[in-house]
Amino acid sequence: MLAESESDKVRKIEQLAQQIAQADGSTLFDSGHEAAKAPVRAKALRLLDQRMRSRKELLDRLLAVEEFLPAIVEEVVDDLARGGLVNDKLFASEWVRQRFSLRGKSRTVLDRELREKGISSADRSDALEQVTRVDEEMVARKLATKKAGTLRCVPENYADKQKDLRKIVGVLARRGFPSDMSMTVAREALDARYEELG
């Protein structure tokens, strides 16, 4: 006996689903609707395979594809969220962990990035609890020490010393560290470097 082809199996399943739907009035399987969702789902899974994404990021990327209907996109993203593949709380936690440890971003910058990615205030707050002020200060010191290490001599005048200080504070400010912390840490790193240069 020959094995049933794949298309024969799909056709039989669809026929059975239609018979059941007609018998009880439900819509167990709508092959046309599923066919419309398939390319959207495939694109979404490719995007998620590259990296974890927030719900808003995924929606924005999928809605940018002109041939995808917004209602279908919403439904696919809802399906992926129910399946656990789209999870804003987990996304926010991982985003903070990685961006803080690998890029040295401050809580302020991380909060702004998460807000731009559509993460709720509660999920942002939970994720940012991973980073304490002590953690931030430690990263700020590391960045300030690294920048101070690029200085090759102790300036003779006050204006040049202030210029060196501004360079270090600028590195910290661009990463969003609080101004009081940035100034204190920058001064300490600069003084330590000047002492090394003697």
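The values are calculated or read from the model by the stated rules, or taken from the named source; none is laboratory data. This one's a predicted model, so the numbers in the text were calculated from it and none came from an experiment. When we count neighbours, we look across all protein chains shown, and the Cβ atoms used for this are built from the backbone with ideal geometry, even at glycine.
If you check E195, E136, which single one turns out to be of a type in the set (D, E, K, R) and either loosely packed, with under 13 Cβ neighbours inside 10 Å or without any contact (Cβ under 8 Å) to a residue 40 or more places away in the chain (or both)? First the steps, then the outcome.
On the way: E136 fails: either loosely packed, with under 13 Cβ neighbours inside 10 Å or without any contact (Cβ under 8 Å) to a residue 40 or more places away in the chain (or both).
After applying the criteria, what remains is E195.
Of the residues that make up the stretch 31-49, is at least one modelled with pLDDT under 95 and hydroxyl-bearing (S, T, Y)? Scanning the stretch 31-49 turns up at least one residue that is modelled with pLDDT under 95 and hydroxyl-bearing (S, T, Y). Would you please name the residue that is farthest from L172 (Cα to Cα), looking only at residues in the stretch 62-106 that are of a type in the set (K, R) and part of a helix (DSSP H, G or I)? Checking each candidate, the answer is R82. Taking the stretch 112-129, which residues are exposed (fewer than 15 other Cβ atoms within 10 Å of the Cβ) and in a helix (DSSP H, G or I)? Correct list: R112, R115, E116, S121, A122, S125.
Taking the condition closer than 30 Å to D49 by Cα and surrounded by 15 or more Cβ atoms within 10 Å (Cβ to Cβ), does D164 pass?
no
Checked against (1) at pLDDT 95 or above; (2) touching a Cys at 6+ places or on another chain (Cβ under 7 Å), L197 meets all criteria but (1). Considering only the stretch 146-160, state which residues are part of a helix (DSSP H, G or I) and in contact with a Lys or Arg (Cβ under 8 Å, 6 or more places away or on another chain). Scanning the stretch 146-160 gives K147, A148. Does F91 qualify as being at pLDDT 95 or above and surrounded by 12 or more Cβ atoms within 10 Å (Cβ to Cβ)? Answer is yes for this residue. Determine if the stretch 44-61 includes at least one residue that is within 18 Å of A127 (Cβ to Cβ), assigned to a helix (DSSP H, G or I), hydroxyl-bearing (S, T, Y) and touching a residue at least 12 places away in the same chain (Cβ under 8 Å). No: zero hits. Among the residues of the stretch 142-154, just one is surrounded by 18 or more Cβ atoms within 10 Å (Cβ to Cβ) and out of contact with any Leu (no Cβ under 7 Å at 6 or more places or on another chain), namely K147.
Name the residue, out of R141, R193, that is in a helix (DSSP H, G or I), within 24 Å of R107 (Cα to Cα) and either among the charged types (D, E, K, R) or more than 28 Å from the chain's Cα centre (by Cα) (or both).
None of the other options fit; the residue is R141.
When the stretch 70-88 is limited to residues that are surrounded by 14 or more Cβ atoms within 10 Å (Cβ to Cβ) and more than 14 Å from L45 (Cβ to Cβ), the one that is farthest from the chain's Cα centre (by Cα) turns out to be I72.
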